[in-house]
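Since the structure comes first, as structure tokens, the remarks are kept for the end.
The values are calculated or read from the model by the stated rules, or taken from the named source; none is laboratory data. Bear in mind the structure is a predicted one, so any value in this text is a computation, not a measurement. For neighbour counting, all protein chains shown are included, and Cβ atoms are generated from backbone atoms with ideal geometry for every residue, glycine included. Heavy atoms of the whole protein, side chains included, go into the accessibility calculation; ligands, DNA and RNA do not. Shrake-Rupley method; radii C 1.70, N 1.55, O 1.52, S 1.80 Å.
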Amino acid sequence: KVAIKGIERELICPACKELFTHPLILPCQHNVCHKCVKEILFAFEDSFADGGSESSNQSSPRIRMAASSMDRIDRINRSGIKRNSLTPRSTLFPCPSCQRDIDLGERGINGLFRNFTLETIVERYRQAARAAIAIMCDFCKPPPQESTKSCMDCSASYCNECFKIHHPWGTVKAQHEYVGPTTNFRPKILMCPEHEMERVNMYCEICRRPVCHLCKLGGGHANHRVTTMSTAYKTLKEKLSKDIEYLISKESQVKAHITQLDLLLKETECNSERAKQEASQSFEKLYCVLEEKKSAALRAIETSKNIRLEKLQTQVEEYQGLLENNGLVGYAQEVLKETDPSCFVQTAKQLHVRIQKATESLKSFRPAAETTFEDFVVDTAKQEDILGDLSFHSNGLEIPEINEEQSRMYNKALISWECPGKTDSADIYVLEYHKLNKEEESVTWQKTEVCGKSKVLSDLDDDSSYAFRVRGYKGSICSPWSREVIMHTPPAPVFSFLFDDKCGYNNEHLQLNPRRTSVESRAGFPLLLGSERLQVGCFTTLDYIIGDTGIAKGKHFWAFNVEAYSYLVKVGVVPSSKIQKLFHNTPDVISPRYEQDSGHDSGSEDTFLDSSQPCTLVTLGMKKFFIPATPAAPKDPASRILPLPSCLGICLDCDRGRVGFYDAGRMKCLYECEVDCSGLMYPAFALMGGAAVHLEEAVTAKDREYQDDI
């Protein structure tokens, strides 16, 4: 017989920290009170409405969830699950026990099983705890009598007299099942929560939950492996009995572990006190150093003050002597009373020199000492930064490294990092960043705390360079800072558009994906049939496609990727006035040489072709970037060929009439030229042969990756 009071820990709800009330079994097999699940959902719904603010997380004082649970709001935001407007958003929440995301689906709470076994055990615990408190009859007139039995079919408690009245002999109610007084009423038959009229008669081994025959036939368990309820009952009971017997047989080992843990508790207390003393001593040393520096600084200021006061006081006395009947002037007035010329000349010569100096000092007055103490300002900025980083360093906590390949700079910044050992030993990470500015002497780092291993930042300036670093924290212990990584933001705000599938789009040669973010040229049979008619050379035509949005003014930037296998791609901009000419008067190009070829690589062919184009384009292909032949370009053709970057960008400045082509990975300009921006300007692309272009996707909150999701 199990001692009920010894299992109280197993009967506590992880959300409200109280005894279970109508516990529900979550898909992760943990139990939560029915009322707590509802309050958690309401709390998360309020968090969505308030933008996930901390103040909205405490909507119910009953729930005492960990802070890490409430941090899952961002993860729910980016879950990617789309539901219709009739389905509440708050059907997805983290389990209070294991923090795993629980999706209740369309049925919500109604799709969860009630744990009647746990409810019965909790009721027995309550009865043992309140043995002296009787359960009263539900039907007696006041004052009610103590109940003697409870009917499981009526879900009510009765005294002897009331039971006879409501369950007379010879009626159906006389056949009801009754037990001793209790407040825990459980149904005789467990019904399926998804098919309320069907009783559960099978057990799904995949989902580890009872199901009915309709769930198996056409429901969510159609392809799952199931077994009969009696078989599952027998199998699980045997496993549980064996496991319990094994634990009971290891009772001596468990007691030994408990003794060892008790010793560890005491040792932890002693070691913590020792660590506190060592930390206090370290800070006391810092205090002593600061006190010495403070005393020395105050003494230096006091000494300088006394010297300056003495000089100024002497100057005050000298000027007071210039007043009438006072000091030097008074003495001179007395000398003037001397009538003997020889005596007067003897005294007046030296006096006259002093009077002249006093007169000159009046004409150019200057204090004898400075009143400011600018030379005595203590600069503690660096020391404050060092003290701000003062924490417990641990060699066991790995130094995170920023992954430059996974990090992106576009409309927003996505910064990702990882640990070299691929283990997530830190509880939280701190990401710091600052803008690189040569004019600023001191650096001010901006700080943000992150629960995962990536962060999306949206407050960065365009055309700027930023330094990033990250460190991990586990409690009060932190790792050293990672290596600083410098990344560059786009030169202008990001311009969003899709490929236009209407204006001039040739669906025979070009293929768009459903989202219109990728285009691929398809050579196919039309090109073969056209080539079959020719005996010399191969005439092919560039297939053009433009963006669906135009630019009238301002400065804008967009990026895209060109597949490495692409044979020929041209990218740039086209004015609205020349779009019709672009699609209807596209000149044929002869491969390998066209008719205007003079037989040498002088560049005249490029000039002819560029002058005939209605738009400003640069050529890409065969993993190369070709700088157009212009007077400012290098004369050597080989020097005009650059490796094709993994991501290309175009920056259009309508106000200056300039367009630049960038290596979007490093935000480095590869080529820039003038362009006529008198009308609407559209992004333009041309493909020939096998080629594909993919528009760079904007950075959104869903790009954040959490390692605990893997």
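Remarks
- Among the residues of the stretch 109-124, not a single one is of a type outside the set (A, V, I, L, M), free of Cβ contacts under 8 Å to residues at least 40 places away in the same chain, open to solvent by 80 Å² or more (accessible area, probe 1.4 Å) and in a loop (DSSP other than H, G, I, E, B).
- Hey, S464 of a type in the set (S, T, N, Q) and either without any contact (Cβ under 8 Å) to a residue 60 or more places away in the chain or assigned by the TED database to the domain that holds L652 (or both) or not: yes
- Only one of the listed residues (E484, E418, E432) is acidic (D, E) and open to solvent by 70 Å² or more (accessible area, probe 1.4 Å). That residue is E484.
- Of the residues making up the stretch 378-386, none is among the hydroxyl-bearing types (S, T, Y), more than 13 Å from W481 (Cβ to Cβ), over 35 Å from the mean Cα position of the chain (by Cα) and at pLDDT 75 or above.
- K502 vs. criteria out of contact with any Gly (no Cβ under 6 Å at 6 or more places or on another chain), outside the structural domain of C451 (by the TED database), open to solvent by 30 Å² or more (accessible area, probe 1.4 Å) and more than 23 Å from N411 (Cβ to Cβ): yes
- Among (1) open to solvent by less than 70 Å² (accessible area, probe 1.4 Å); (2) at pLDDT below 90 - the single one I244 does not satisfy: (1)
- If you go through the stretch 654-667 and keep only what is open to solvent by less than 50 Å² (accessible area, probe 1.4 Å) and not charged (D, E, K, R), you end up with C654, G657, V659, G660, F661, Y662, A664, M667.
- The residues in the stretch 187-213 that are more than 15 Å from L24 (Cα to Cα) and within 43 Å of the chain's Cα centre (by Cα) can be counted, and the count is 9.
- Any hit, the stretch 263-282, residues being assigned to a helix (DSSP H, G or I), within 30 Å of F376 (Cβ to Cβ) and modelled with pLDDT of 90 or more: no
- Options D676, D610, D606; residue that is part of a loop (DSSP other than H, G, I, E, B) and either at pLDDT 90 or above or among the charged types (D, E, K, R) (or both): D676
Let's see how each residue does on (1) within 30 Å of L687 (Cβ to Cβ); (2) in contact with a helix residue (DSSP H, G or I) (Cβ under 6 Å, 6 or more places away or on another chain):
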| residue | (1), (2) |
| --- | --- |
| E439 | no, no |
| S442 | no, yes |
| W445 | no, no |
| K474 | no, no |
| S479 | no, no |
| Y505 | yes, no |
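- Scanning the stretch 332-377 for residues that are of a type in the set (A, V, I, L, M) and open to solvent by less than 100 Å² (accessible area, probe 1.4 Å) returns A332, V335, V345, A348, L351, V353, I355, A358, A368, A369.
- Condition check for E705: part of a loop (DSSP other than H, G, I, E, B) and modelled with pLDDT of 90 or more: no
- Unmet criterion (only one of (1) touching a Pro at 6+ places or on another chain (Cβ under 9 Å); (2) at pLDDT 90 or above; (3) surrounded by fewer than 20 Cβ atoms within 10 Å (Cβ to Cβ)) for C651: (3)
- Test: residue in the stretch 283-294 that is open to solvent by 80 Å² or more (accessible area, probe 1.4 Å), farther than 30 Å from V377 by Cα and out of contact with any Lys or Arg (no Cβ under 8 Å at 6 or more places or on another chain): no
- Condition check for A369: part of a helix (DSSP H, G or I) and among the small types (G, A, S): no
- Members of the stretch 400-409 that are surrounded by fewer than 20 Cβ atoms within 10 Å (Cβ to Cβ) and in a loop (DSSP other than H, G, I, E, B): N403, E404, E405, Q406, S407
- In summary, strands (runs of 3 or more DSSP E) completely within the stretch 519-578 and bearing 2 or more residues that are at pLDDT 90 or above occur at 543-546, 555-562, 568-575.
- Residue match in the stretch 467-478 (condition: farther than 30 Å from S646 by Cα and either at pLDDT 90 or above or outside any strand (DSSP E or B) (or both)): yes
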